[in-house]
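*Asks:* Can you keep this structure in mind? I'll have questions shortly.
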Amino acid sequence: MSAILIHGVPDTFRVWAPVMERLSRKDIAALALPGFDSPLPSGFTATKEEYVNWLIEQLEREPEPVDLVGHDWGCLLTARVASLRPDLVTTWAGGGGPINKDYVWHPLAKIFQTPGVGEDFLQKLDPDQFSHQLEGLGVSAAYASEAVRQMDDRMKDCILRLYRSAVTAGEEWQPDLKNVSCPGLVFWGVKDEACPVAFADRLATDLRASRVRKLDTGHWFELEKPVEVANALEEHWSAPTS
């Protein structure tokens, strides 16, 4: 059995490094979503459905079901996979990604979802300024600088396509969360401005997750509290599954 960690947007797989360094298990990998410091498969157009199908394909290559973990968009994608293919997932953990019809997309997401406006925003994006904005949300200076450096034209295009495919993602995907059958753990930062912490309990209810960890962080709980996240994951994975 292995554990697979999925990052969010505009992150890369590197966002999970602080947690992975503190985990005792070795059968663990942080995957790079296509287009996020990773090549695009032929014909891939970066919609939410294509990312879900891509992740399902990765899990189908594993010899056994996996422990699946996601943050931000990684939370949405992994929960969707667990609802469509529960046979591929032993346990699920994630947060910072509301899957709810009542969730209103944050201001930056709305920019990305608006044709012309999103392109103009990303074209004029000042790396230093955006890095400082990330720092203001609780991200370290070193990680913020690295994250912005990875935002090439391919990633920017994928960001726009993904968000534009997801305007009604909560309404579309929430009903199927009832199909998730594995043990669940929900993480959330109580100071998350983009995704209010109230959606942690809503997600846990829909998933029938028995554990909710609300951390004294902003959106990037895995960067701000890696020890707490790693410890909670270890406990989650070792708990009885029935």
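*Asks:* Amide H neighbours of Arg211 under 5 Å, at least 5 residues apart or on other chains, H built in the peptide plane: list them.
*Replies:* The answer is Gly184, Val186.
*Asks:* What's the extension gain from Asp27 to Asp126 if we count 0.36 nm per residue and subtract their Cα-Cα distance?
*Replies:* Value of the extension gain: 31.8 nm.
*Asks:* Can you spot the lysines whose alpha carbon is less than 18 Å from Lys156's alpha carbon? Ignore those fewer than 8 places along the same chain.
*Replies:* Those lysines meeting the cut-off are Lys48, Lys110, Lys124.
*Asks:* At 7 Å along the Cα-to-beta-carbon direction for both Val197 and Thr114, put a label point, then send me their distance in nm to one decimal.
*Replies:* Label at Val197, label at Thr114, 3.1 nm between them.
*Asks:* Quick one: which residues, 5 or more positions from Val89 or on another chain, have an amide H under 5 Å from its amide H? H modelled 1.01 Å from N in the peptide plane, none for Pro or chain starts.
*Replies:* So Val89 has HN proximity to Val66.
*Asks:* Run the quick spin-label model on Asp153 and Ser210: label points 7 Å from Cα toward the beta carbon, then report their separation in nm to one decimal.
*Replies:* 5.2
*Asks:* Could you run the Karplus curve 6.51 cos²θ - 1.76 cosθ + 1.60 with θ = phi - 60° over the range 164-180 and give me ³J(HN,Hα) per residue in whole Hz, x for Gly and Pro?
*Replies:* So the J values, rounded to whole Hz, are 6, 7, 10, 4, 10, 4, x, 5, 6, 9, 4, x, 7, 4, 5, 7, 5.
*Asks:* Moving on. For the chain, calculate the relative contact order in percent as a whole number, restricting contacts to Cα pairs under 8 Å that are 6 or more residues apart.
*Replies:* 24
*Asks:* Say each of Ala141 and Ala239 gets a label point 7 Å from the Cα, pointing the same way as Cα to Cβ; how far apart are those two points in nm?
*Replies:* Label at Ala141, label at Ala239, 3.9 nm between them.
*Asks:* What does the convex hull of the alpha-carbon atoms of the range 168-239 project to on average, in nm²?
*Replies:* Computing the convex hull of the Cα atoms and averaging its projections yields 5.0 nm².
*Asks:* For Lys214, list the lysines whose Cα falls under 16 Å from its own Cα; do not include residues on the same chain fewer than 8 positions away.
*Replies:* Output for Lys214: Lys191, Lys225.
*Asks:* Note the full-extension length gain between Glu172 and Glu64 as 0.36 nm times their separation in residues minus their Cα-Cα distance, in nm to one decimal.
*Replies:* This chain segment gains 36.0 nm when fully extended.
*Asks:* Sticking with this one: Would you please classify the overall shape of the range 29-106 from the alpha carbon gyration tensor, given that a ≥ b ≥ c denote the square roots of the eigenvalues, rounded means a/c under 1.5, and beyond that prolate means a/b larger than b/c while oblate covers the rest?
*Replies:* Judged from the Cα gyration tensor, the range 29-106 comes out oblate (a/c at least 1.5, b/c at or above a/b).
*Asks:* How large is log10 of I(q)/I(0) for the chain at q = 0.07, 0.11, 0.12, 0.16 Å⁻¹ when the intensity is taken from the Debye formula with one equal scatterer per alpha-carbon?
*Replies:* Debye curve over Cα of the chain, log10 I(q)/I(0) at q = 0.07, 0.11, 0.12, 0.16 Å⁻¹: -0.20, -0.52, -0.62, -1.19.
*Asks:* Could I ask something else about it? When all C-alpha to C-alpha distances in the range 78-180 are sorted into bins of 5 Å, what percent of pairs does each bin hold, rounded to whole numbers?
*Replies:* Taking every Cα pair in the range 78-180, the percentages come to 2, 11, 16, 18, 18, 16, 12, 6, 1.
*Asks:* Which longest run of the chain has no exposed loop site in it, a site being trypsin sites (Lys or Arg not before Pro) in a DSSP loop with at most 10 other beta carbons within 10 Å, and the site itself not part of the run?
*Replies:* Looking at the chain, 125-242 is the longest stretch - no exposed trypsin sites (Lys or Arg not before Pro) with at most 10 other Cβ atoms within 10 Å.
Read-outs throughout are calculated quantities, based only on the coordinates presented, and are distinct from any laboratory measurement. Predicted model only: the values in this text are computed from it and were never measured. Cβ atoms come from the backbone with ideal geometry, glycine included; neighbour counts cover every protein chain shown.
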